[in-house]
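Report on the structure given below.
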Amino acid sequence: MKSAPLVAVIQFPGSNCEYETARAVRSSGMDSCIYRWNQWRELRDSQPDAYVLPGGFSFQDRIRAGAVAAKERIMDLVFSEAADGKPVLGICNGAQILVESGMVPGWEKGRIETALAANHISGRSGYLSGWIFLHTTTRAQQICPWLGMTGNGVIPLPIAHAEGRFVFSEENHYRAESSAALKYCDEKGIESSDYPINPNGSFLNLAGVMNEYGNVLAMMPHPERAFWMWQLPPWIPGEWGDRRDESLSSGSHAAAKGPGSVFFMSLADYFRGER
Amino acid sequence: MKDVSIIVSLKSPDPAAMTAMSTFRRIYPAKCPDNLLRYDHWRFMNPGQGTETVSGIVSRYHDIVNPNKQTWSYIDEFNKPSDLSDDGMVWIDVLVTDRIDSVSENWTAILRRSSCEIDGVLCSVLWRFGFASGISCDDARNRVLDLTASTYRDHGLLANPVSQKIDLPAPLRI
């Protein structure tokens with residue numbers, strides 16, 4: 001019998017954030033276990049309550065980021081569990097896998113309706129690493145188990161990707177907003193399509209996209225890299241900057257939870273039935 | 001003046017092509033090609049002195065062709081690599097190009113800044129599917145389209161049509 005909800009973290013060849021992701025899950029009061037991509041039987045038999053696809057470079061990003069992992073047999077299981085309503089989170093490369101699996105936005109079952117294309121920024125190309133600010137859409141806060149505690153504030157998180165630009169076919173532009181979960185904004189919460197506020201040229205300033213029911217979330221920023229307050233750089237302004245300063249002056253800095261924790265704590269809350 | 005295109009390949013076996021082949025074998029065994037090659041494809045638009053301008057660019061910028069690990073050749077207007085010999089196979093070429101591409105834009109800017117006589121650069125990936133004889137060109141083209149366009153989770157691999165353009169030049173029997 002499970003003492004706490006079990007969150008499965010799936011490791012593909014080339015994943016590199018599985019351990020910190022699993023630690024973030026455990027530090028939020030849930031249980032976590034890392035399953036390799038070829039352990040689909042073990043994954044099936046352990047009956048996890050939720051799934052996380054962590055960041056990294058699955059299959060070395062060969063062909064296209066996330067494209068090969070999306071075809072793996074273990075994703076059949078994740079796909080069917082998501083269809084049954086279990087929470088699934090894809091972070092960065094995990095988000096790319098969810099997109100290439102057709103799990104977000106999921107308007108038509110299994111159809112690939114969006115892409116995480118190469119960053120498009122005037123005068124530069126390639127890999128981008130830094131801190132961004134985002135806010136959660138109202139609908140996502142209401143229906144997404146990963147976002148229930150995010151509130152209306154601005155959340156600073158790190159990004160690190162070369163292919164993070166959400167794009168949709170022109171015929172789907174009208175309904176892209178309905179799948180919006182997280183949007184890039186400045187430190188005051190004001191959206192802009194300009195770099196560096198929108199760091200990659202993403203359509204509608206999208207940092208995260210969910211499926212129709214909100215249980216599947218694909219996000220490019222890394223919440224597990226901002227789980228603890230000490231991971232926040234000193235220049236971060238706003239509410240989280242103030243909290244950081246407060247934790248430093250009160251001596252609670254080492255144990256204080258950072259902005260990335262709200263995603264995992266939201267899931268724990270969801271399992272406790274508080275959301 | 002016309003455009004000049006080159007293809008660039010690794011001297012060692014291409015890991016992306018090997019991964020694509022093994023994925024095809026696993027998920028589409030009936031449609032799998034007998035050979036699959038991958039090249040970087042660079043199209044130089046209206047180079048002032050034609051191939052002379054292009055060879056100057058290639059020898060100057062090792063980000064386009066790194067001579068330590070890559071080889072390159074021109075391809076003719078039918079997209080037929082000029083250095084491939086007749087091997088009795090049916091070869092179908094697919095060109096995959098990002099609909100919006102910072103790399104092409106930035107290389108165009110770099111080359112213009114360096115006073116190259118050129119209108120622009122377009123980077124793509126060229127995949128060459130080889131099928132053993134016995135298959136018609138039409139069948140081969142249909143297979144290649146199925147294998148390339150990733151429209152559903154269980155359909156296609158090499159290009160996501162939401163963000164990438166897929167071009168199939170006329171089939172070649174090399």
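The values are calculated or read from the model by the stated rules, or taken from the named source; none is laboratory data. For clarity, every value in this text was computed on a predicted model and none was experimentally measured. Glycine also receives a Cβ, built like all others from the backbone with ideal geometry; neighbour counts cover every protein chain displayed. Heavy atoms of the whole protein, side chains included, go into the accessibility calculation; ligands, DNA and RNA do not. Shrake-Rupley method; radii C 1.70, N 1.55, O 1.52, S 1.80 Å.
Calculate I(q)/I(0) for the stretch B:7-154 by the Debye formula, one identical point scatterer on each C-alpha and no solvent, and give its log10 at q = 0.12 Å⁻¹ to two decimals. Per q value, in the given order, log10 I(q)/I(0) is -0.58. Surface burial for A against B, with a 1.4 Å probe and both sides summed, reaches about 2400 Å² of accessible area.
Relative contact order of chain A, please, whole-number percent, based on alpha carbon pairs below 8 angstrom and at least 6 residues apart.
18
Free of any chymotrypsin sites (Phe, Trp or Tyr not before Pro) that DSSP assigns to a loop and that have at most 15 other C-beta atoms within 10 Å, the longest stretch within chain B is B:79-174. The helix-only estimate of mean residue ellipticity at 222 nm for chain A, built from DSSP H runs of length n ≥ 4 each weighted as -39500 (n - 2.57), is -7000 deg cm²/dmol after division by the residue total.
Distances longer than 19 Å among the Cα atoms of the stretch B:2-73: what percent of all pairs is that? Result: 46 percent of Cα pairs exceed 19 Å. Shielding by partners for peptide A:97-110, expressed as the average number of C-beta atoms from other protein chains within 10 Å of each residue's C-beta, is 2.
For chain B, the longest principal axis of the C-alpha atoms and the axis of helix B:15-27 are separated by about 20°. The listed residues A:51, A:19, B:28 rank as A:19, B:28, A:51 when sorted by accessible area, largest first, using a 1.4 Å probe.
Label-to-label distance, residue B:137 versus residue A:84, with points set 7 angstrom from Cα along the beta-carbon direction: 5.1 nm.
Please list, by residue number, everything in the stretch A:211-232 whose backbone N is under 17 Å from a paramagnetic label point 7 Å out along Cα→Cβ of residue A:23. What the label zone holds, given the 17 Å backbone N cut-off, is A:222-232. Reported to the nearest whole Å, the Cα centre-to-centre distance from the stretch B:92-114 to the stretch B:1-19 is 14. Each residue was assigned an accessible area with a 1.4 Å probe, and for residue B:87 the value is about 80 Å². Roughly what % of Cα-Cα distances in the protein assembly as shown sit above 34 Å, to the whole percent? Above the 34 Å cut-off, the protein assembly as shown has 37 percent of its Cα pairs. Split the accessible area of the stretch A:1-148 by element, probe 1.4 Å, and carbon with sulfur accounts for 45%. In a reduced charge model with +1 at each Lys and Arg Cβ and -1 at each Asp and Glu Cβ, the protein assembly as shown shows a dipole moment near 700 debye about its Cα centre. Assuming a ≥ b ≥ c are the square roots of the Cα gyration tensor eigenvalues, decide whether the stretch A:137-194 counts as rounded (a/c under 1.5), prolate (otherwise, with a/b larger than b/c) or oblate. Taking the square roots of the gyration eigenvalues as a ≥ b ≥ c, the stretch A:137-194 is oblate. Volume per residue of the convex hull around the Cα atoms, evaluated for the stretch A:48-88, comes out as 68 Å³. For chain B, what is the calculated [θ] at 222 nm in deg cm²/dmol (nearest 500), taking -39500 (n - 2.57) for each run of four or more DSSP H residues and dividing by its residue count? For chain B, the value works out to -8500 deg cm²/dmol.
Within a straight-line Cα-Cα reach of under 20 Å, residue A:183 can be paired with the following aspartates and glutamates, leaving aside sequence neighbours fewer than 8 residues apart in one chain: A:113, A:163, A:170, A:191, A:194, A:212, A:224, A:239.
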